[in-house]
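The values are calculated or read from the model by the stated rules, or taken from the named source; none is laboratory data. Note that this is a predicted model, so its numbers are computed, not measured. Cβ atoms come from the backbone with ideal geometry, glycine included; neighbour counts cover every protein chain shown.
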2 protein chains.
Amino acid sequence: MKQYNVAVVGALGAVGQEMIKTLEQRNFPVKELVPLDMAANVGKTVQFHGRSVAVKAARKGAFVGVDFALFSVGADGSLELAPVAVDEGAIVIDNSAAWRMDPGTPLVVPEVNPAALDGHKGIIANPNCSTIQMLVALKPLHDAFRIKRIVVSTYQAISGTGTPAIQELKDQVKSWAGGAPIVAKVYPRQILFNALPHIDDFLENGYTKEEMKMVNETKKILDPAIEVCPTAVRVPIFRGHSESVNIETEKPCDPGAAREMLRAAPGVKVMDDPSKLVYPTPLDADGQDAVFVGRIRKDPTVRNGLNLWVVSDNLRKGAALNAVQIAEVMIARGLVK
Amino acid sequence: MKQYNVAVVGALGAVGQEMIKTLEQRNFPVKELVPLDMAANVGKTVQFHGRSVAVKAARKGAFVGVDFALFSVGADGSLELAPVAVDEGAIVIDNSAAWRMDPGTPLVVPEVNPAALDGHKGIIANPNCSTIQMLVALKPLHDAFRIKRIVVSTYQAISGTGTPAIQELKDQVKSWAGGAPIVAKVYPRQILFNALPHIDDFLENGYTKEEMKMVNETKKILDPAIEVCPTAVRVPIFRGHSESVNIETEKPCDPGAAREMLRAAPGVKVMDDPSKLVYPTPLDADGQDAVFVGRIRKDPTVRNGLNLWVVSDNLRKGAALNAVQIAEVMIARGLVK
C-alpha cells in the first residue's frame, strides 16, 4: 500500500495533537510524519506510533516532499502558509476559516459531499466543528424530506477555543475549589458555572462569525436553499459540542423513519430511547468518532418538523477526524499524485 | 400598613430559603413568619430579619391564622396540603406543577397576567421557572407583534433540582479536582462538564414534562394561540437559566423596536450591545430580580422573526420572587381579606 508524507501544522495545538492521534488510531498510511509548529516550539517532540518526533518550524521549505499538510493554525497562519505548502507540492487540508467560503476551494464533510473534492486546486477546507456534526446528522434527512429551515442552538465545549481555554477552565475549577478568585483571560467572562452566548467575533447583523459559519457553510456543503438560524453558546464542558436542532421540511417527516435513516447513515450513532434514559451527552462523545443523535421527535408546531439533539467530539469529528477522512477519501478517489 | 402572617412550606429547601430571603429583601409586610417543613426538620431554624425562627411541621392545623402560604414542596406535598391550608384560611401560592393546569386555578406571572388572580379560589399556581422568564421577556413583544410560534432551547441551572443537586455538583467538582471518581446520584449521569437533554420525566410524545410545561403554561398565561417547540437541557451551572428563544410573529418585527419595548418593560433588563461584549450570562443574573435579555437580532429565515437570549435567576424570578410578587399583587388588587 502506498504511504504518504504527512505534515501536521500546529502540531502542538489541541487540534494538531488530535490529528496526530487520529492518524495513528486509523492507521493512516503515513511514511513520514512531519510535525510543524511556530519557531518557539521547534525542538519539542510529539509522540507517534510509540516514537518521539521532533517538531520543525512551519515555514517556506518545510513542505517539500510532503503529500498532505493538515493545517490547524488559525486563519492568518493558513492564509500565509497554505499557498506555500501547495507550491511545494502538498495537498493542504485546512481547519481554519480562511478558505472555506472561497468559491474555488472545496469545503467537505466526507459523509455529505465527497464529490466536491474532485475539482480541488491544492487546498481543501475543513468546515467549522458545529457545521460538520450538524450536517452529518441532517444529510440523510435532507435527502429524504428536503430540509427548508434549521433553527439551531449550540452548547459548545471550550476545547474548541484551543489549549489556553482548556487550561483556563482547569484553573477556574482549582481556584473555585480552593476559594481563590477566579481569573478570566481567554474568555471575556468566567466560563466555569456560566454560559456565554458569544463564540468568535460579533458582526454588524448581530450574529457572531461562528453563527454565520453555520449559515454559510451549510449552504455551500449541503444545499444553498436551506435557511439556518443559529445561536452559538459556549458552556463549561471540556470536549463535545451539543446542538438542539429544529428542522422544517418540505415533505412529511416522521420521527420513526428519521431514526431508521439515521441508524443506517455513515458516521452517525443513534442513542435514542428516552424511556430507558438513552440519549447522548458530551461525555458519551468524548474521544469517539461518531456523531451521536438522540431526542428525535416530532415538532407539532409546523406542518412538517422534527427536533434532534446532536452531539459529537468537537476535536475529533469536528476537526481532526474530518480532516484525516478527507485525506482518506482523496486517496480512494485517486486525487493524490 | 396591614401586616400578614406568611407561612413558607418547604422552608429549608433551595426555593424556600430564597422565598424567606425575598420576603426580607422586599420588606414584605410580614407580621409573623411561619417556616414549615417535613417532621424530620422540626426544631431547625431559619433566619429572618436577623432573628432565628423555629421550623414547625407542615401538617393539618399549621395554617390556622396564616394569610399567605408559599409552598415549595413538590407536587405530591402540594396536592395533599394546599387544600388543607385553604380550608384553614390561607391563600396558597404554590410553586409545584400540581395545580398549574387546573382550569380553576390562576397561573400567574405578575408582569404578564395579573388579572387572572381576580377569580382565585384560594390556590394560585406559580409557573415553571423556564416559562416565567420566557414570558416576562415575550409579553411586550407579543402585545406589539403577535407571536405565532416559539422555538426555544434552554440552558438550565442545577439549583432548579433543589439542594441535593447543588451538593452533587459541588461534590463532583471536588472529586474531579482531587482526582477521585465522580459519583452521580441526583442526575442519571455526571453533570459536571456535561449537558443532559433531560429535565423531569419523559412522556410518550418524546418530550419531557419540563418541555411540555413550557408549551402548556405559555398557552394558559399568555395566549392559547401561541405554539411552543421546546428543548430543555441541564448544564453545569449553579444558578441562572438561559434560553435561546426564536420567535415568529404575525406583524413585522424589528430588533430595534423590540429592544426599546423591552427596555420599557416591567421586570426586564436589556443587556444588548455586542460591540462592547454586553450580553447577559447566568452569573450576571445570580441573585438578581430581573429577567435579562440580550442578543436581540432579526431572524432573516422567516418573514417576521427575532432571536433573543433570555437569562434569569431560576430561584428568584423563576420561583421565590414570582411567588412573593403574586402575594404583593393580590394585596394591591384587594384580593386578601
Item checked: Among (1) crowded, with 19+ Cβ neighbours inside 10 Å; (2) not in a loop (DSSP other than H, G, I, E, B) - the single one B:ILE191 does not satisfy -> (2)
Note to self: Which numbered condition in (1) free of Cβ contacts under 8 Å to residues at least 40 places away in the same chain; (2) within 10 Å of chain B (Cβ to nearest Cβ); (3) closer than 26 Å to A:ASP286 by Cβ is the only one that A:ASP171 fails?
What the structure shows: (2)
Check: Which of the residues that make up segment A:63-111 are at positive phi and part of a loop (DSSP other than H, G, I, E, B)?
Finding: A:GLY65, A:GLY89
Note to self: Please determine whether any residue of segment A:285-295 is within 18 Å of B:PRO230 (Cβ to Cβ), touching a strand residue (DSSP E or B) at 6+ places or on another chain (Cβ under 7 Å) and within 14 Å of chain B (Cβ to nearest Cβ).
What the structure shows: yes
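Just wondering, is there one or more residues in segment A:51-60 that are part of a loop (DSSP other than H, G, I, E, B) and at positive phi?
No, because not a single residue in segment A:51-60 is part of a loop (DSSP other than H, G, I, E, B) and at positive phi.
Condition check: of a type in the set (D, E, K, R) and touching a Phe, Trp or Tyr at 6+ places or on another chain (Cβ under 9 Å). Does A:GLU204 satisfy that?
No, not satisfied.
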Notebook entry, point to check: Within the set of pairs 6+ apart or on separate chains, which have a first residue in segment A:285-297 that is part of a loop (DSSP other than H, G, I, E, B), a second that is hydrophobic (A, V, I, L, M, F, W, C), and C-beta atoms under 8 Å apart?
Noted result: A:ASP286/A:PHE238; A:ASP289/A:LEU321; A:ALA290/A:VAL268
Check: Can you pull out the residues in segment A:148-168 that are closer than 24 Å to A:ASN314 by Cβ, within 12 Å of another protein chain (Cβ to nearest Cβ) and not in a helix (DSSP H, G or I)?
Finding: A:ILE150, A:VAL151, A:VAL152, A:SER153, A:THR154, A:TYR155, A:GLN156, A:ALA157
Next item on the list: Can you confirm whether segment A:140-148 contains a residue that is within 22 Å of A:ALA97 (Cα to Cα), at pLDDT 95 or above and either outside the structural domain of A:GLY10 (by TED's automatic domain parsing) or under 17 Å from the mean Cα position of the chain (by Cα) (or both)?
Entry: no
Notebook entry, point to check: Is it true that B:ALA177 is without any contact (Cβ under 8 Å) to a residue 60 or more places away in the chain and surrounded by fewer than 18 Cβ atoms within 10 Å (Cβ to Cβ)?
Noted result: yes
Notebook entry, point to check: Taking segment B:298-337, which residues are within 23 Å of the chain's Cα centre (by Cα), of a type in the set (Lys, Arg) and assigned to a loop (DSSP other than H, G, I, E, B)?
Noted result: B:ARG333
Margin query: Can you report the number of residues in segment B:250-284 which are part of a strand (DSSP E or B) and within 14 Å of another protein chain (Cβ to nearest Cβ)?
Written below: 3
Note to self: Every residue in segment A:9-62 that is of a type in the set (Asp, Glu) and in contact with an Asp or Glu (Cβ under 9 Å, 6 or more places away or on another chain), please.
What the structure shows: A:GLU18
Notebook entry, point to check: Hey, any hits in segment B:188-205 for a residue that's β-branched (Val, Ile, Thr), under 17 Å from the mean Cα position of the chain (by Cα), under 23 Å from B:ASP313 (Cβ atoms) and more than 7 Å from chain A (Cβ to nearest Cβ)?
Noted result: yes
Next item on the list: Would you check which residues across segment B:55-88 are small (Gly, Ala, Ser) and farther than 22 Å from B:ALA319 by Cβ and list them?
Entry: B:ALA57, B:GLY61, B:GLY65
Next item on the list: Please find, within segment B:200-248, the residue that is surrounded by the most Cβ atoms within 10 Å (Cβ to Cβ) out of those that are outside any helix (DSSP H, G or I) and touching a Cys at 6+ places or on another chain (Cβ under 9 Å).
Entry: B:HIS241
